[in-house]
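The values are calculated or read from the model by the stated rules, or taken from the named source; none is laboratory data. Everything numeric here is computed off the predicted structure, so don't read it as measured data. All Cβ positions, glycine included, derive from the backbone under ideal geometry; neighbour counts span all protein chains shown.
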Amino acid sequence: MQSTSKSIRDAMNPDSVIADVLLPLALNSTYSYSVPLGLAVVAGTYVEVPLGPRSVIGVVWEVRPAVPTNMKMRDISRVFDMVPMSETHRKFIDWLAAYYLEPPGNVLRMVLRVPAAFEEAKQNIAYSASATKPAKLTAQRQRVLEVASQGFAMRASELAEAAGVGVSVVKALAKAGGLEEVALPLHRNFTPPDLNAGGHQLSKDQSAAAASLRQVIATRNHKVILLDGVTGSGKTEVYFEAMAAALAAGKQVLLLLPEIALTAPFIARVETRFGCEPAQWHSELRPRERERVWRGVAEGKARIVVGARSALFLPWPKLGLIVVDEEHESAYKQDEGVPYHARDMAVLYGAIGKFPIILSSATPSLESLVNVDRELYAVVKLKDRHGRPELPETTRIDMTREKLDSGTWLSSPLVTAVAETLAAGDQALLFLNRRGFAPLTLCRSCGHRLHCPDCDAALVEHRFRRQLMCHHCGHHEPVPNACPECGAEGDMVPVGPGIERLAEEALKLFPEARVAILSSDLSRGLSLRETLRGVEQGEFNLIIGTQLVAKGHHFPQLTLVGVVDADLALESSDPRAGERTWALLAQVAGRAGRGAKPGKALVQTYLPEHPLMKALLKGDRDAYLNTEKQIRENTTLPPYGRLAAIILSGPDGALTERFARAIANAAPLAEGITVLGPAPAPIAMVRGRHRWRLLVKASRDVNIQGFLREWLRNVKPKGALKMHIDVDPYNFL
Ligand code: ADP
Ligand code: ZN
């Protein structure tokens, strides 16, 4: 029998099986492998398989009986000793892939992005003195033994250093039997949560809200609850109670935050409440910690994970609750790679895994509010600020009436308010959502504007770095002294403000202030997280920041918020521009007065009569959002209709345009669907690639994915052309 061919052997062995393995590659289907006898493989097993000349790690998607065939099939080469990926998680990958029209392998890649978890666990060997004394003891070995018998097991290098000998002496002594090997744990353990470790005495409203959440957890069914409460109302304290309930039921809990809100003070709050340090998941984790968390989640030992959006893809075996904090945040949408929205995918995960999802925000997205209107989501409200009934008093500064010197942006009422705040020993925040020094640099002689050579975008001056930067491709160059167009010297002038320029103005006005600048450019010197901590602890008293400061931070000493240009985001063609501006302004204003003293917000605007500004003053969210809803409904924009964008790009303008037109012409006719475009994208070139956009608008009951699949099935971009499909786009540039 030994020489029979493999297919005959399979045919004769009724127990032999085939595994269909999903690989983390841009493939639409699984690959089949035979399972060598003796290897235990089930759906969800992590395996290593040969692929061409390579070896690839994948996950068994299905196991089926082998059928006699002449097809040569290669063997699975290795099975990893790990908890198999749960059926829920596999379904999640498949459904997410189908929703965004991505190959499932691309989604799997996001799960497997922790190579260290699949490497042979590096043994951490330590040594302690053994009971037997070797016969031949040199002076050096004697010293090692003395150290080793003093206490804890030590690594060879530590032992050698303590004894003042070389590592080889330690190794030789171990070999001679004088030392005993002890395996140290690979990673720090995860402390199990203590559900009664801490927490505040909840107010009456908070208790009622927590009780409603706990009730939903108790049903162990899928349900989405919007926790809708003004900034500072104690939403965090309330959803902690829901987390406690899910943990009590033996489940794992995921708390999603926008990346930037994952700060040390926030983690400390979770730690206080649950008596254990939660596992964290974000882009700055070191490889070893990534491995620890990944394994801890897979083994069910990491019970609480506080993470950025990609934490959804950790290999959860028993997830029982996802809380999406700041659910309105656009940072939950990933633009590069698989363009998924983490809030929506959290809801999908809950639907597959049959567990509840809590969406928390002071400024919920229109999507979520309309889902409440439709009774698809439940809502739990918190109306009051904890211990303080009022939200910060908001005042508008009509900039059409203010006389400002050129090159300055702070009106006199705002300057006075900042001066008073600083004099009172409090913190003030100036908010301007623009990085850098100036958004535009032009030549006073000829009017030439400095542009990125590879993008359709102005170069932004960053004065601290002494560079002009492109915010789309990262291109940078020194600020020229002479105009590259007409050669005039010393005539290049910055136009408009960025936060660095605002900081310059503020420092002239308040030379004594301890200024912190908060933007995503903070990478040199103090890191962003450190600066945030400094703000929280009062090391700075004048904070100048971009939208980063609006994201869920708790700055107890901050009493004044000045919005420098409230109109900025309203000018875009984005259908969500109004909603976003509303959320941003309400969130920024909501940073004021979270501590002992009340806060106020001053808003500089050139559009004082805009419905948004009026509603903001009155704190009348419903008035504003109802108008927004009306507009969206009338134009069948989300959440009343569906959108998908198709972005075509290529290095050759004419070819890209022709490609875009050909795709548009091939669009099938379908009821309830309109295809708009193609049109050059608002940013018509990025990184030297020309960009064209198509927008697909569908009514809510239309299967937009089915339509796209049908239409684009046979489109194969040739050469350097690329097609990017963005279902539910949040970016229209
Ligand atoms: P939100 O998440 O709604 O903005 P937080 O949960 O961050 O609000 O609460 C704001 C502040 O009020 C926090 O410092 C929090 O510790 C405090 N707080 C909330 N509820 C209570 C309570 N019941 N007792 C004491 N302090 C509370
Ligand atoms: Zn560029």
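Summary of computed values
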{"item": "Residue in segment 114-137 that is buried (at least 17 other Cβ atoms within 10 Å of the Cβ) and in contact (Cβ under 8 Å) with a residue 60 or more places away in the chain present", "result": "yes"}
{"item": "Of all residues making up segment 459-512, the number that are assigned to a strand (DSSP E or B) and either within 16 Å of ligand 1 (Cβ to nearest atom) or over 27 Å from residue 543 (Cα atoms) (or both)", "result": "4"}
{"item": "Listing of strands (runs of 3 or more DSSP E) fully contained in segment 643-733 that carry 2 or more residues being free of Cβ contacts under 8 Å to residues at least 24 places away in the same chain and over 17 Å from residue 102 (Cβ atoms)", "result": "673-686"}
{"item": "Condition check for residue 247: modelled with pLDDT under 95, among the hydrophobic types (A, V, I, L, M, F, W, C) and farther than 25 Å from residue 591 by Cβ", "result": "no"}
{"item": "Selection within segment 613-633 - in contact with an Asp or Glu (Cβ under 6 Å, 6 or more places away or on another chain) and assigned to a loop (DSSP other than H, G, I, E, B)", "result": "none"}
{"item": "Candidate set from segment 165-197 (those that are within 30 Å of residue 239 (Cβ to Cβ) and modelled with pLDDT under 85); member that is nearest to ligand 1 (Cβ to nearest atom)", "result": "188"}
{"item": "Any hit, segment 201-224, residues being touching a Ser or Thr at 6+ places or on another chain (Cβ under 6 Å) and more than 16 Å from ligand 2 (Cβ to nearest atom)", "result": "no"}
{"item": "Residue count for segment 461-486, restricted to those that are touching a Ser or Thr at 6+ places or on another chain (Cβ under 9 Å) and either under 16 Å from residue 432 (Cβ atoms) or without any contact (Cβ under 8 Å) to a residue 12 or more places away in the chain (or both)", "result": "1"}
{"item": "Total residues in segment 264-310, condition surrounded by fewer than 16 Cβ atoms within 10 Å (Cβ to Cβ) and hydroxyl-bearing (Ser, Thr, Tyr)", "result": "2"}
{"item": "Positions within segment 449-458 being in a strand (DSSP E or B) and either away from ligand 2 (no atom under 16 Å from the Cβ) or out of contact with any Lys or Arg (no Cβ under 8 Å at 6 or more places or on another chain) (or both), in sequence order", "result": "449, 451"}
{"item": "Considering residues of segment 673-708 that are of a type in the set (A, V, I, L, M, F, W, C) and within 16 Å of ligand 2 (Cβ to nearest atom) only, the residue surrounded by the most Cβ atoms within 10 Å (Cβ to Cβ)", "result": "685"}
{"item": "Selection count where residues are closer than 20 Å to residue 575 by Cα and over 30 Å from the mean Cα position of the chain (by Cα), scope segment 615-626", "result": "2"}
{"item": "Candidates 347, 415, 370, 380, filtered to the one that is within 16 Å of ligand 1 (Cβ to nearest atom) and either loosely packed, with under 15 Cβ neighbours inside 10 Å or farther than 25 Å from residue 532 by Cβ (or both)", "result": "380"}
{"item": "Residue check for residue 231: within 12 Å of ligand 1 (Cβ to nearest atom), modelled with pLDDT under 90 and polar (S, T, N, Q)", "result": "yes"}
{"item": "Residues (assigned to a loop (DSSP other than H, G, I, E, B) and among the β-branched types (Val, Ile, Thr)) located in segment 190-235", "result": "191, 230, 231"}
{"item": "Scan of segment 466-503 for residues that are under 32 Å from the mean Cα position of the chain (by Cα) and more than 16 Å from ligand 2 (Cβ to nearest atom), ordered by number", "result": "466, 496, 497, 498, 499, 500, 501, 502, 503"}
